[in-house]
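Data block below; observations after.
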Amino acid sequence: MTTSPLPLIIDCDPGIDDAVMLMIAFMSPKLDVRAITTVAGNVPLRLTSRNARMICERMGRSGVPVYAGCPRPMLRKPVTAEDFHGESGIEGIEIFAPKAPLAPGHGVGELIARLSAAAPASQTVILSGPMTNLAAALVMAPEIASKIGHLVVMAGGDRIGGNITPFAEFNVFADPHAAAIVFDAGIRTTVLSLDVTHTVRSEPERVASLRKIAGPEAEMMADLLAAGNRLEARWKNGQMAPMHDPSTVVYLLAPEIFEAKPCRVSVVTRPGAEFGRTKVKDTKRGPHHWVTSADADAFFAVIEDLLKARA
Ligand code: RIB
Ligand code: CA
């Protein structure tokens, strides 16, 4: 019996790895991306919103509505990450003006509208950037928390610590107050943190393997990953780029290749060296699950299988 595709809302800040994540989500018959909301993060909102629409168009999914959300974090001074994504935010592919305009309405309002209209615990939402949009939606309409059956976020670090400061991961550091609101909402949340993404990197042999696959999607993904590697290597002593945001979609597609533990995640919002740090307290039943490991070979096999099916 074939199950119907999982309806999905993705909030993101493309971003090279956000772009790869969107490609994977669009290629999978198991997922149905209903809407994309964009947030300021890796690059300013104008660019994350353009980049999301570019990926939709390149993947033949211009019908997926893209709603621009918050242009800045809730409280702190905005930070961006052009060093790792390029000035365009999507280094590795040629920039063009997407044909599809932004969908009318604000991303936060759209999250509230879609979640309010949904049945309890029926919605799956991915956050792959600063959590500003969902946090604002939760402040404006707290009841929407009960409509999210599964929240999957790329955020934080514990064993690994941080990637933008010694203690903080970028998505949380860019808006710690928003992350605190989201983690405090009691929503069943799976957290893909640096603890796991740093163990799954787009090593050159992985990229070379993608290039052997026919089709424009494989070439585009390889170009994005190669660009991400060049930027990561420049700032992180020659290391290759972790598969941060793609891990959220691969988790939904193949949870069995990951290990996770029940916990409660909190965020340090007081000023100081630990600003934006995530703290993980083990619990018996959640509400959060902290992913602790992934099978990297199986991870890339999921992606390659999707690309081969498009070849
Ligand atoms: O720390 C990695 C995260 O920050 C990823 O989501 C990347 O896109 C950046 O937003
Ligand atoms: Ca991101």
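The values are calculated or read from the model by the stated rules, or taken from the named source; none is laboratory data. If you're wondering where the values come from, they're calculated on a predicted model, not measured in any experiment. Neighbour counts are summed over all protein chains in view; Cβ atoms, including those assigned to glycine, are modelled from backbone coordinates with ideal geometry.
Some notes on this structure:
- The residue of the range 84-124 that is nearest to V64 (Cα to Cα), among those that are within 16 Å of ligand 1 (Cβ to nearest atom), in contact with a Gly (Cβ under 9 Å, 6 or more places away or on another chain) and of a type in the set (A, V, I, L, M, F, W, C), is I90.
- Note on the range 255-291: residues that are surrounded by 17 or more Cβ atoms within 10 Å (Cβ to Cβ) and more than 22 Å from P176 (Cα to Cα) amount to 3.
- Residue within the range 153-174 that is farther than 26 Å from E232 by Cα and more than 16 Å from ligand 2 (Cβ to nearest atom) present: no
- Criterion violated by A227 - all others in (1) away from ligand 1 (no atom under 16 Å from the Cβ); (2) in contact (Cβ under 8 Å) with a residue 60 or more places away in the chain; (3) over 30 Å from T3 (Cα atoms) satisfied: (1)
- If you go through the range 11-32 and pick out every residue that is part of a strand (DSSP E or B) and within 16 Å of ligand 2 (Cβ to nearest atom), you end up with 2.
- Failed condition for M220, given (1) of a type outside the set (G, A, S); (2) surrounded by fewer than 24 Cβ atoms within 10 Å (Cβ to Cβ); (3) within 13 Å of ligand 1 (Cβ to nearest atom): (3)
- Where a residue in the range 271-287 is without any contact (Cβ under 8 Å) to a residue 24 or more places away in the chain and assigned to a strand (DSSP E or B) and its partner, wherever it lies, is of a type outside the set (D, E) and surrounded by fewer than 15 Cβ atoms within 10 Å (Cβ to Cβ), with Cβ under 9 Å and at least six apart: D282/K261; D282/P262
- Number of positions in the range 83-115 that are in contact with a Lys or Arg (Cβ under 9 Å, 6 or more places away or on another chain), more than 19 Å from D223 (Cβ to Cβ), among the hydrophobic types (A, V, I, L, M, F, W, C) and outside any loop (DSSP other than H, G, I, E, B): 1
- The listed residues are I148, I144, and the only one of them that is more than 12 Å from ligand 1 (Cβ to nearest atom), free of Cβ contacts under 8 Å to residues at least 40 places away in the same chain, of a type outside the set (K, R) and surrounded by 19 or more Cβ atoms within 10 Å (Cβ to Cβ) turns out to be I144.
- Counting residues in the range 124-141 that are under 30 Å from T292 (Cα atoms), without any contact (Cβ under 8 Å) to a residue 60 or more places away in the chain and of a type in the set (S, T, N, Q) gives zero.
- Of the residues examined, T292 is one that is outside any helix (DSSP H, G or I) and either touching a residue at least 12 places away in the same chain (Cβ under 8 Å) or not polar (S, T, N, Q) (or both).
- Some residue of the range 186-198 being over 14 Å from A155 (Cβ atoms), in contact with a helix residue (DSSP H, G or I) (Cβ under 7 Å, 6 or more places away or on another chain), in a helix (DSSP H, G or I) and at pLDDT 95 or above: no
- Residue within the range 116-128 that is outside any strand (DSSP E or B) and within 16 Å of ligand 2 (Cβ to nearest atom) present: yes
- Flag for V66 being touching a residue at least 12 places away in the same chain (Cβ under 8 Å), surrounded by 24 or more Cβ atoms within 10 Å (Cβ to Cβ) and more than 14 Å from ligand 2 (Cβ to nearest atom): yes
- Residue check for D175: in contact with a helix residue (DSSP H, G or I) (Cβ under 7 Å, 6 or more places away or on another chain) and among the acidic types (D, E): yes
- Qualifying residue in the range 44-53 (condition: within 16 Å of ligand 1 (Cβ to nearest atom) and assigned to a loop (DSSP other than H, G, I, E, B)): yes
- Enumeration of residues in the range 191-215 that are under 14 Å from the mean Cα position of the chain (by Cα) and surrounded by fewer than 22 Cβ atoms within 10 Å (Cβ to Cβ): none
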